[in-house]
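This report refers to the structure that appears directly beneath it.
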């Protein structure tokens, strides 16, 4: 491995990165750093800067490259380039190929979301296999500015606007976060370092690309030449304030956790004193809920502002037993004088996995055919019409079929009400109170109000994900079938 420095004018970028590494304690002597190398300008510059510092920092490097299979033969050529360059630098490398497009379709994810999920899993796997203690990503100050602006446009709070962290997930480091893309390109050109160009970075179909190539240059030209520095400075300020608020909220949480939490809720469950919780400012309460979820779940990935505010409304005005389901099977339940945060089971998988907040859902009309969204969850209910008899054959609890001639319109989705009855499918037409059905099925009291019902003027068609009504089932002579599906992520 050789130190890659071709002129003295390149020293400032090396010193700058080293300063950030030392200031933020990103790397320690003896670390084995897995370098995420796409072959693009940023990651190639990061690799060369680290090869210039590895002896001084007393670290070792391992290259990791993933072919996402988005660009066919070109992706394979990129992998060959990485392999050749790793050999040139005498560095060990792990290069793999995963069919991300198929993964995205199977899991109903966007291409970008699927690539991000697979990439992180790959990098952590490589780190485990090679004994890596840090994973280095090549995000720059331009990426930081683009991220802050993108999150602002999407309506993020101060936590989101704090941008990309320089250190994350226990071992992720971003040593180039204070370096601009212009500095990167100057470094590459002066050092004659080759790099790959990904044409997808130019396509305007992605929001980040439009921000990069259209919005930020427009703001820089027409309003503020220093827009990149301004956004990076704002991210730094909010990042430090976010750290303080998180630490402060953690202390508050310690003060309001009930002593009975450990014994009654099992490992990881928490009970919060509702009276003490309600005394705090709304900004603190939001952070306390986030910290409680973090302790129970291990992270706060995919937790939205809407879900947090729904929790606060439930704490202030919700009925005892109301439940909100967060991503990762986290249940937040309102007790008489407490808030219970715990990991739940999978009573109704199609609802639970959708992070469904259904406890406060009002009556919604389901168009036939058509869809309706159950916000703030990612769940949608879709109704379609099939000719002749058609029995739903998808996953259990994720859909149902009904004889369209046996009931009238409109159809509604609502929560249960006192006195609801059902003629459960398979019970020979016997009537039964919904309350008794829930008891027989051992559905906990606090979860019953969170299960949506599909209702017609003639009665309940389906306790969704749980039980259908005998009266509206599909028969051999059914002329038209109503097919109702529970969909996740808007798919």
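Every read-out reported here was derived from the displayed coordinates using simple, explicitly stated rules and does not represent laboratory data. Every value quoted in this text rests on a predicted model; they were computed, and no experiment measured them. No Cβ is skipped: glycine too gets one built from the backbone with ideal geometry, and neighbour counts run over all protein chains shown.
The table for this structure:
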| item | result |
| --- | --- |
| Calculated FRET value between residue 364 and residue 196, using beta carbons and R₀ = 60 Å, to 0.05 | 0.75 |
| Potential lengthening between residue 320 and residue 243 on full extension [0.36 nm per residue; Cα-Cα distance subtracted] | 24.4 nm |
| Taking segment 8-234 and dividing mean pair separation by its residue count, relative contact order in percent (alpha carbons under 8 Å, at least six apart) | 24 percent |
| Listed peptides 97-105, 435-443 by packing density, highest first (mean Cβ within 10 Å) | 97-105, 435-443 |
| Pairwise FRET efficiency - residue 167 versus residue 84, Cβ, R0 = 30 Å, nearest 0.05 | 0.40 |
| Gyration tensor (alpha-carbon) shape descriptor, segment 415-491, a/c threshold 1.5 | oblate |
| Gyration tensor verdict on segment 7-147 (Cα atoms; rounded if a/c is under 1.5, prolate if a/b is larger than b/c, oblate otherwise) | prolate |
| Ordering of 19-32, 291-304 by packing [mean C-beta count within 10 Å, highest first] | 291-304, 19-32 |
| In degrees, nearest ten, helix 41-57 long axis to first principal axis of the chain (Cα) | 60 degrees |
| The chain: relative contact order in percent, alpha carbon pairs under 8 Å with at least 6 residues between | 11 percent |
| Gyration tensor verdict on segment 364-488 (Cα atoms; rounded if a/c is under 1.5, prolate if a/b is larger than b/c, oblate otherwise) | oblate |
| Between helix 181-191 and the chain: long-axis angle, C-alpha atoms, 0 to 90°, nearest 10 | 40 degrees |
| Stretchable slack from residue 421 to residue 153, in nm (0.36 nm times residue separation minus alpha-carbon distance) | 91.8 nm |
| The chain - mean residue ellipticity at 222 nm from DSSP helices (-39,500 (n - 2.57) per run, n ≥ 4, rounded to 500) | -12000 deg cm²/dmol |
| Fraction of antiparallel bridges per DSSP, segment 8-234 only, in percent to nearest 5 | 10 percent |
| Using a Förster distance of 60 Å, the FRET efficiency for residue 276-residue 480 (Cβ separation, nearest 0.05) | 0.60 |
| Percentage relative contact order, segment 257-345, counting C-alpha pairs under 8 Å, at least six apart | 31 percent |
| With Cα atoms, 0 to 90° folded angle of helix 305-317 axis to the chain main axis | 40 degrees |
| DSSP bridge orientation in the chain - percent antiparallel, rounded to nearest 5 | 75 percent |
| In nm, spacing of pseudo-spin labels at residue 250 and residue 431 (7 Å Cα→C-beta vector) | 5.8 nm |
